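Dropping a structure here in structure tokens format, bear with me for questions.
The values are calculated or read from the model by the stated rules, or taken from the named source; none is laboratory data. Owing to the predicted nature of the structure, the values given are computational and were not obtained by experimental measurement. Note: ideal-geometry Cβ built from the backbone for every residue, glycine included; neighbour counts use all protein chains shown. Calculation scope for accessible area: heavy atoms of the full protein, side chains included, ligands and nucleic acids excluded. Shrake-Rupley method; radii C 1.70, N 1.55, O 1.52, S 1.80 Å.
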Amino acid sequence: MLSHAYSNPIFDGIAGVGISGLLGLMGLALVRVNHRFLLGQAVDKEITDDIEKILLSRRSIDAIGSVQSQWISSDTFSYKAEVDFDGTYLAAKLMPIYQQEFLEVRDTMDSELQVLLAFYAEDVMRAVEREVRHVEAKIRTKYPGAEFIELEPMSVDADRVAIYDNVETDLKNTETAALNRYLSSLKKERDANQDSTNPQETKT
């Protein structure tokens, strides 16, 4: 319009240069925003370190390994890690149930032991699944962008049998002490929860 009004083609050239510059700036801005998604960039170390702290804050988890993360959009990411679950802690959670069950079948152990052990193994797996769900929910509470979380159970002693490791007296004593600590702390938590849900009336 200016070129037509003033019969001067310089305005048309200025408009072309301006549009080209604007498109160039937009391209640079899009590259800066999207390069980490196009290149599969890992999640910021501050975030992965904080997620690791959340995982290790759970008594059910001993160690974390093989962490992999990737941004998959502007505000969502995936997180994968191998998790070494503490079987002693999980056993302590199931102990109040199964200790009584084993005592009840002691006279018929030959016929019922296999089924009871099968139930126990199933409940251990369900306990692991519950722990995974709980810790994933805790991570997403702090990082809603954690769209995909994969926690793969992987013990450092996965190729060994625990009962054979604990044949030595020292190892048995260590395992017993750890189990007793967990049982004591879990009992205190249950008692505290019962007191909070069923408060006693204050006597005058």
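State the percentage of accessible surface on segment 41-102 attributable to carbon and sulfur atoms; use a 1.4 Å probe and exclude ligands, DNA and RNA.
47 percent
In percent, how large is the relative contact order of segment 71-148, given Cα pairs closer than 8 Å and 6 or more residues apart?
54 percent
Under 10 Å, Cα contacts only: if you run a Gaussian network model on the chain, which one of GLN41, GLN70, GLN194 comes out with the highest mean-square fluctuation?
GLN194
Can I ask one more? Contour minus end-to-end for SER57 and ASP12, with contour as 0.36 nm per residue of separation and end-to-end as the Cα-Cα distance?
9.7 nm
Restricting things to alpha carbons, tell me how big segment 1-110 is in terms of Rg and Dmax, in Å.
31.1, 110
When the helix-only estimate is applied to the chain (DSSP H runs of n ≥ 4, each -39,500 (n - 2.57), divided by the residue count), what is the mean residue ellipticity at 222 nm, nearest 500 deg cm²/dmol?
One gets -22000 deg cm²/dmol as the mean residue ellipticity at 222 nm.
Let me ask something else. In the set (1) 24.6; (2) 14.2; (3) 14.7, which value of mean projected area of the Cα convex hull in nm² was calculated from the structure you see?
Label (1) holds the value from this structure.
Please report, ordered by residue number, every helix of the chain (full DSSP H runs) that is 18 Å or longer along its axis going by C-alpha atoms and whose mean Kyte-Doolittle hydropathy reaches 0.0.
Both cut-offs are met by 10-38, 87-104.
Please report the relative contact order for the chain, taking Cα pairs under 8 Å with a sequence separation of at least 6, and give it as a percent rounded to a whole number.
20 percent
Let me ask another. Could you report segment 1-158's accessible area per residue, 1.4 Å probe, as an integer in Å²?
67 Å²
Near ALA118, within a Cβ-to-Cβ distance under 14 Å, what is the net charge of the other residues, with Lys and Arg +1 and Asp and Glu -1?
Charge balance in the 14 Å sphere: -3.
Please check: in the Gaussian network model of the chain (C-alpha springs, under 10 Å), which one of THR48, THR88, THR176 has the largest mean-square fluctuation.
Judging by the Gaussian network model, the answer is THR176.
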